[in-house]
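For reference, the structure discussed in these notes is given below.
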Amino acid sequence: MSEPTPSPRHHFVQAPIRPLDEDGVQVARAGTALWLVATLLLWLRLDALRAAGQGWWLWVGVCGVILGLVGIVWCTRRRAARP
């Protein structure tokens, strides 16, 4: 009789490095900046967007900036509340 083959065991090892952004403030700032640039580009092309019936895209950019600002405030408060 042959011996049963042992099942492979996977061992996960946590990398001994710190995360780049623990609280998310940098990511929220970068995302908000990108939404701001997109909104400005949409605003510059607003006439062409309206002619194509797509003027609502400007409001998508505005909402992205507003939500990004909320995210910055949220993450900053969360960072301040950490011990």
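The values are calculated or read from the model by the stated rules, or taken from the named source; none is laboratory data. Since the structure is predicted, the reported quantities are computational estimates derived from the model, not experimental observations. Don't worry about glycine lacking a Cβ; one is built from the backbone with ideal geometry, like all the others, and counts go over all protein chains shown. All accessible areas refer to the heavy atoms of the entire protein, side chains included, with ligands and DNA or RNA removed. Shrake-Rupley method; radii C 1.70, N 1.55, O 1.52, S 1.80 Å.
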Return yes when PRO8 is open to solvent by less than 100 Å² (accessible area, probe 1.4 Å) and at pLDDT below 75 and no when it is not.
no
Would you check which residues across the stretch 15-33 are open to solvent by 100 Å² or more (accessible area, probe 1.4 Å) and among the polar types (S, T, N, Q) and list them?
GLN26
Only residues that are touching a Ser or Thr at 6+ places or on another chain (Cβ under 9 Å) and of a type in the set (A, V, I, L, M, F, W, C): list them for the stretch 71-83, please.
ILE72
Scanning the stretch 34-83 for residues that are open to solvent by less than 40 Å² (accessible area, probe 1.4 Å) and among the β-branched types (Val, Ile, Thr), the one nearest to GLY24 (Cα to Cα) turns out to be ILE72
Single match in GLY68, GLY53 (criterion: at pLDDT 85 or above and touching a Ser or Thr at 6+ places or on another chain (Cβ under 6 Å))
GLY68
Which numbered condition trips up ASP23, out of (1) assigned to a helix (DSSP H, G or I); (2) at pLDDT below 95?
(1)
